[in-house]
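**Student:** Take this structure first; my questions come after.
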2 protein chains.
Amino acid sequence: MHIREMLADAERTGNPSFSFEYFPPKTAQGVQNLYDRMDRMYQFGPKFIDITWGAGGNIAELTCEMVVQAQTYLGLETCMHLTCTDMGEDRVNDALQRAYKAGCTNILALRGDPPREKEKWEATEGGFQYARDLVAHIRKLYGNHFDIGVAGYPEGCDDNKDEDLLLDHLKEKVDMGATFIVTQMFYDVDNFLRWVQKVRAKGITIPIVPGIMPIATYGSFLRRANHMNCKIPDGWMERLESVKNDDVAVREIGKTLVADMCRKILAAGIPHLHFYTMNLAQATRMVLDELDWMPSPNRPLKQTLPWKQSLGLGRREEDVRPIFWRNREKSYVKRTQDWDEFPNGRWGDSRSPAFGELDAYGIGLTGTNEQNRKKWGEPKSIAEIANLFIRYLNKGIEYLPWSEAPVASEADLIKDDLIDLNKRGLLTINSQPAVNGVKSTHPIHGWGPPNGYVYQKAYLELLVSPDVFPEIRRRVKDHPDLSYYAVTKSGNLETNTSNEGPNAVTWGVFPGKEIVQPTIVESISFLAWKDEAFQLGVDWARCYEAGSPSRLVIGEMMDNWYLVNIVNNNFHEPRTIFEVLSGLTVQDLNKVPGQANGTTNGFHHPTNGAEASAVPQ
Amino acid sequence: MHIREMLADAERTGNPSFSFEYFPPKTAQGVQNLYDRMDRMYQFGPKFIDITWGAGGNIAELTCEMVVQAQTYLGLETCMHLTCTDMGEDRVNDALQRAYKAGCTNILALRGDPPREKEKWEATEGGFQYARDLVAHIRKLYGNHFDIGVAGYPEGCDDNKDEDLLLDHLKEKVDMGATFIVTQMFYDVDNFLRWVQKVRAKGITIPIVPGIMPIATYGSFLRRANHMNCKIPDGWMERLESVKNDDVAVREIGKTLVADMCRKILAAGIPHLHFYTMNLAQATRMVLDELDWMPSPNRPLKQTLPWKQSLGLGRREEDVRPIFWRNREKSYVKRTQDWDEFPNGRWGDSRSPAFGELDAYGIGLTGTNEQNRKKWGEPKSIAEIANLFIRYLNKGIEYLPWSEAPVASEADLIKDDLIDLNKRGLLTINSQPAVNGVKSTHPIHGWGPPNGYVYQKAYLELLVSPDVFPEIRRRVKDHPDLSYYAVTKSGNLETNTSNEGPNAVTWGVFPGKEIVQPTIVESISFLAWKDEAFQLGVDWARCYEAGSPSRLVIGEMMDNWYLVNIVNNNFHEPRTIFEVLSGLTVQDLNKVPGQANGTTNGFHHPTNGAEASAVPQ
């Protein structure tokens, strides 16, 4: 989506909106941490994000990679910065092509700072001298594919203080095809509003997005304000200086000052703010909290679909996914990135989708063996593994080998049932509760446009020991409401469903539309997920030394257990699956491999202990 | 669907089933009446029907035409009889090809009676001598496309009484590829069951379908039984003869005798009965009633979709239709018969379906001017036209120009609201009530497989006078729950919907499946329907003399009124549309064209009379 459309939306509806800016970090670990942070800050609800241009070799590469990451895997609409600094036309074209292929449709065209070793800016040979040349070049090459923003300088530019000259340059950039303006940071709102009037007087009518720098520490505040020659409003220094050694107090005061400044800008009719996050979450979050702009149960984050959409090239139309990757969305996007269309034949016809191989995309357990042992300890029995699942459900740990994100809030509704299953050695790796038509704005289950109703069939996916499986099959097989698939690592698939087509397990009814059915269960994708699910377990087992009890117990699970999914087609009955599984307990819950009749520090099942059996009680 | 599969179904599930046989009538009017009767008898729930072969020229043509009609327009799975009589190979091939193109997949291969002028059967030159040759020929030409039935003679054949020889012939026909046997009529069940044992002893294992002839009158019963040399069981003659001049009493006794006979057959493990209807409904219906096999609210007719599916070639996969043709299903099938696929791009993408022209398929008002004047009288004002609509809703008349079938039972739920609208001159030509999830077996709203839930958005389609329309538009346009389209005969379309895609107004949620959404509202098909709807009105006006008040009042409606449809997207609120239209009344309700201030024998609106206006009251 073009940024100008988002800005027009905010203007039309009167709902203020905001965006975040990030820059490429210097270390690989820093990049990984930033991706995690960007993913969490997605929940703040930015309309888009900017990735600044890392002038020079590797860092430029990194900008492009971050754009791919944000568009494709994080589902964040991204604006890529592009500068003239150090760039010949070939390198500009290459960067544009990479942005295009990432699904990116917004560029902020800048002249850029002079390289560090030079004092004055000069064009690279065969490159562009001014941002306006870059704007013209992008328009020439890509027509209207990219929305193009340019920089505005309400307090003058580093190497140019002549406001009128700078406005002339701005006008030239707009005339070349720029469609929005992002300003440098400032704190002086009066001056900014005065400058806006001068911009308008020049005949420039495109939207102006003010750049806001939240206050993180006293030192960084001063350093940046000085670096950008920002005027600091009267009274700010006094209030901040008095607490300058107390970062917490600085942020508290800073958030009030910055939020007041934001309110003043909004009151002047400018509905969108751009936050310079400096790759940090807290200071920006505090300002948003102060403005009461953070999503809340009463004002939930708007989601078009129940899963996070990829904005990668060709993926914007994607509207259906199997439920299996619910807790591993990035892996799903990776494994389907070579698909020609989304949805691939609506999952229903003969063009069965081929999933990417696990190896080819580096799907598997992330983190070093040591990190993983630290995360998940050294479970020596099924009971101890089950304890990890229970801690995950209780939010005591954030990840499991099968879940790359903390447990979803809707799982809370069935938490007690899930914990009960895990206590009995039925390990739950994915689930959703039944929803019989709630408003599409519902704080927990809602998604899609307003005035709709959303539905879910209850879903449960488990790892099941072979000693319990036959009894589960017996109970589920002929149940009029339940569909199941079960499969072992070696690939023996069984099911009680007779048709090959998909079973819609999440759907929504909206005004003036077809029924939207974004989440499905079906066999082909379950077989692809099966490979991944067992591989993740095998990877986990390998984090432990050969012959160790942890390696043996996890390895033996992967070799012999079943991966089972159950759908309750009767979405009016929320507890059927749990009722059907009641009374079943895995044998040898506390057995430690290598010990004849070992007990561990895991729990004993309250009633059955190690003698528990699959016989209904 | 192949008949052997239906028979296997009945055997497996233990649910008895039945089929009907019809023959080509001699007159055009007879054909039309039979089509209507077949359509009504669809509601009895036969698994399939047979059309007998009309040996000789025109009548053979008619058999083929009837197969097309039954498969394509009536949605009846049809078995076409084909005989060797008078048929060379070319004509046989031609008939098979026509059956194929009609979507027919079942043939009953017969030798046939000798032509009337000959006493003994002999093959046409270049034709087939025995039914077994015909079976072999069909298998050779069409492989397994056609299921092939053959005749069985439990009481011997007209020109052959040698039971063992006849069984040898039967075995030959089966060996050539026949997959089911239909017997000649009989009344002696003991003899039939004895014969079945002999068939089985011959090593013939394919299903045997007994042919049952219900008793309509004493005369026809005797005539047919004698003609076929049927043994009449002891006691039957006494009981029937005693009332032989009282047709009603004959049918009453006959239904008991025949139903008893059917029960005896079923008790012997034969689950499917074939009724020789003689093109009449009553006697067969009485037997079905007596057996308690007629669909009832507790045992509704199973419908795969909420509308009647066409079984024409390539149409079996059709699963979505616009709601507009709800009361003119045959017209819809005609106008889309050149489509390559069903659904045509799910109605959602750019491959917009082109509807057949009205002229090309003879779409328009059926019946002569005189017949139509008789049906609908000579309404001289809007009030009198509205009275017709009200009589239709009250089941006082069976058809309207826009409805080729009696009003649907679900319209009863909103009948009072519909009548109220018509009384105010808002003429309702199509509607469905809101349904917020009832079981798919619901006697009124249910469709699709069991254990599902079905839903509907409330829908209303009206003819709206230009004096009321602006106020309706004002009330509907910005309503958060309502979507509308409005169009005049000249084609000015307006709507408050922003997207081009279809709005699903009927959908179902079933175990293990995608959401099925068989009925939609969207703009392209509405424009095609608009042409048809206005044409039907113009045709109706032309039933009256030029210059007559009826012609003027209907003609002026067609020229100036709006065709409006309204969907209430909030299917939780059943009465919104009616509430929004409350208080609106068409002006000049009782005005007769050509009279200055005429009143007619139509009703006066109780509160407003001829001075009623569009101003809300």
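**Student:** If one computes the Cα centroid of the range B:280-310 and of the range A:198-246, what distance in Å separates the two points?
**Tutor:** Value for the Cα centre distance between the two parts: 80 Å.
**Student:** A further question on this structure: Can you list, shortest first in nanometers, how far B:G377 lies from the same residue in the other copies, with each label 7 Å from Cα toward Cβ?
**Tutor:** The answer, with the shortest distance listed first, is 8.6 nm.
**Student:** Another question, then. Relative to the longest principal axis of the C-alpha atoms of chain B, give the angle of the C-alpha long axis of helix B:549-560, reported between 0 and 90° and rounded to the nearest 10°.
**Tutor:** 80
**Student:** Give the shape of the range B:1-142 as rounded, prolate or oblate, defined through the alpha-carbon gyration tensor: a ≥ b ≥ c are the square roots of its eigenvalues, a/c under 1.5 means rounded, and otherwise the shape is prolate if a/b is larger than b/c and oblate if not.
**Tutor:** Since a/c reaches 1.5 but b/c is at least a/b, the shape of the range B:1-142 is classed as oblate.
**Student:** Counting pairwise Cα distances across the range A:485-526, what percent come out greater than 15 angstrom?
**Tutor:** In whole percent, the share of Cα-Cα pairs in the range A:485-526 beyond 15 Å is 53.
**Student:** Mind checking the angle between helix A:163-175 and chain A's longest principal axis? C-alpha axes, 0 to 90 degrees, to the nearest 10.
**Tutor:** 60
**Student:** In terms of Cα to Cα distance under 16 Å, which lysines are near enough to A:K302, apart from those fewer than 8 places away along the same chain?
**Tutor:** Cross-link targets: A:K47, A:K439.
**Student:** Continuing with this model, one more query. Just the number, please: carbon plus sulfur as a percent of the accessible area of chain B, 1.4 Å probe, no ligands or DNA/RNA counted.
**Tutor:** Values: 12290 of 26050 Å².
Accessible surface attributable to carbon and sulfur in chain B totals 47 percent.
**Student:** With the cut-off at 35 Å, report for the range A:321-580 the share of all Cα pairs above it, as a whole percent.
**Tutor:** Counting pairs separated by more than 35 Å, the tail of P(r) holds 13 percent.
**Student:** Which value, in debye to the nearest 20, describes the size of the charge dipole of chain A about its Cα centre when Lys and Arg Cβ atoms bear +1, Asp and Glu Cβ atoms bear -1, and nothing else is charged?
**Tutor:** Numbers: 68 positive and 81 negative charges, 143 e Å.
Computed charge dipole of chain A: roughly 680 debye.
**Student:** Another question about this same structure. Sort A:R224, B:R263 by accessible area with a 1.4 Å probe, largest first.
**Tutor:** Values: A:R224 60, B:R263 95 Å².
Result, largest first: B:R263, A:R224.
**Student:** Okay, moving on. Compute the label-point distances linking B:N226 to its equivalents in the other copies; points lie 7 Å from Cα along Cα→Cβ; give nm, one decimal, shortest first.
**Tutor:** With the label placed 7 Å along Cα→Cβ, B:N226 yields 12.5 nm.
**Student:** Which distances, in nm and shortest first, link the A:N499 label point to the same label point in every other copy, taking 7 Å along Cα→Cβ?
**Tutor:** Result for A:N499, in nm, nearest copy first: 2.3.
**Student:** Continuing with this model, one more query. Which semi-axes, in whole Å and largest first, does the equivalent ellipsoid of chain B have when worked out from the alpha carbon gyration tensor as the square roots of 5 times its eigenvalues?
**Tutor:** In descending order the semi-axes read 51, 26, 24 Å.
**Student:** Here's another thing I want to ask about it. What is the dipole size for the range B:501-597, taken about its Cα centre, with +1 at each Lys and Arg Cβ and -1 at each Asp and Glu Cβ, in debye to the nearest 20?
**Tutor:** The dipole of the range B:501-597 has a size of about 120 debye.
**Student:** Run through every distinct alpha carbon pair of the protein assembly as shown and return the Kirkwood hydrodynamic radius in angstroms, one decimal place.
**Tutor:** 36.4
**Student:** Let me ask something else. Counting each DSSP H run of 4 or more residues in chain A as -39500 (n - 2.57), what helix-only mean residue ellipticity at 222 nm follows after dividing by all residues, to the nearest 500 deg cm²/dmol?
**Tutor:** About -10500 deg cm²/dmol.
**Student:** Please compute the per residue accessible area over the range A:321-580 with all protein chains in place, 1.4 Å probe, rounded to a whole number of Å².
**Tutor:** 38
**Student:** Here's a follow-up. In debye to the nearest 20, how big a dipole does the range B:3-290 give about its Cα centre with +1 on each Lys and Arg Cβ and -1 on each Asp and Glu Cβ? Please report the intermediate quantities before stating the final value.
**Tutor:** Details: 33 positive and 41 negative charges, 91 e Å.
Rounded to the nearest 20 debye, it is 440 debye.
**Student:** Nearest 5 is fine: what % of DSSP beta bridges in chain B come out antiparallel, could you say?
**Tutor:** So the antiparallel bridges in chain B amount to around 55 percent.
**Student:** Also: Tabulate in residue order the Karplus-calculated ³J(HN,Hα) for the range A:230-238, using 6.51 cos²θ - 1.76 cosθ + 1.60 with θ = phi - 60°, rounded to whole Hz; enter x for Gly and Pro.
**Tutor:** 3J(HN,Hα) across the range A:230-238, in whole Hz: 6, 6, 9, x, 3, x, 4, 4, 4.
**Student:** Tell me the total accessible area that A and B bury against each other, 1.4 angstrom probe, in square angstrom rounded to 100.
**Tutor:** The buried area between A and B, both sides summed, comes to about 2400 Å².
**Student:** I'd like to check one number: the per residue accessible area of the range B:3-290, probe 1.4 Å, reported in Å² as a whole number. Don't skip to the end; give the middle numbers.
**Tutor:** On the way: 12540 Å² over 288 residues.
Heavy-atom accessible area per residue stands at 44 Å².
**Student:** In addition: What is the P(r) of the range A:118-227, as percent of Cα-Cα pairs per 5 Å bin from 0?
**Tutor:** Result, from short to long distances: 2, 11, 19, 21, 19, 14, 10, 4, 1 percent.
**Student:** Any lysines with Cα under 21 Å of the A:K423 Cα? List them, leaving off those in the same chain fewer than 8 positions away.
**Tutor:** Straight-line reach from A:K423, under 21 Å: A:K375, A:K380, A:K395, A:K415, A:K591.
**Student:** Nearest 10 degrees is fine. How inclined is helix A:131-142 to the longest principal axis of chain A, computing both from alpha carbons?
**Tutor:** For A:131-142 against chain A, the angle is about 50 degrees.
**Student:** Relative contact order for chain B: what is it in percent, counting Cα pairs under 8 Å that are at least 6 residues apart? Each step should come with its number before you reach the end.
**Tutor:** On the way: 1131 pairs, mean separation 70.5, N = 617.
Taking the mean separation of contacting Cα pairs over the length of chain B, I get 11 percent.
**Student:** Within 13 Å, Cβ to Cβ, of A:I554, how many net charges do the neighbouring residues add up to if Lys/Arg are +1 and Asp/Glu are -1?
**Tutor:** Here the charged neighbours net out to -1.
**Student:** Further question on the same structure: What whole-number volume per residue, in cubic angstrom, does the convex hull of the C-alpha atoms of the range B:3-290 give?
**Tutor:** Value for the range B:3-290: 132 Å³ per residue.
**Student:** In the range A:510-559, which residues give up 50 Å² or more of accessible area once the other protein chains are added, compared with their chain alone (1.4 Å probe)?
**Tutor:** A:G512, A:E514, A:I515, A:Q517
**Student:** If you don't mind, another one. Provide a whole-number value for the mean count of partner chain Cβ atoms within 10 Å of the Cβ atoms in peptide A:496-509.
**Tutor:** The shielding value for this peptide is 3.
The values are calculated or read from the model by the stated rules, or taken from the named source; none is laboratory data. From a predicted model like this one, the values you see are computed outputs, not experimental measurements. Don't worry about glycine lacking a Cβ; one is built from the backbone with ideal geometry, like all the others, and counts go over all protein chains shown. In case anyone asks, the SASA skips ligands and DNA or RNA and just uses the protein heavy atoms, side chains included. Shrake-Rupley method; radii C 1.70, N 1.55, O 1.52, S 1.80 Å.
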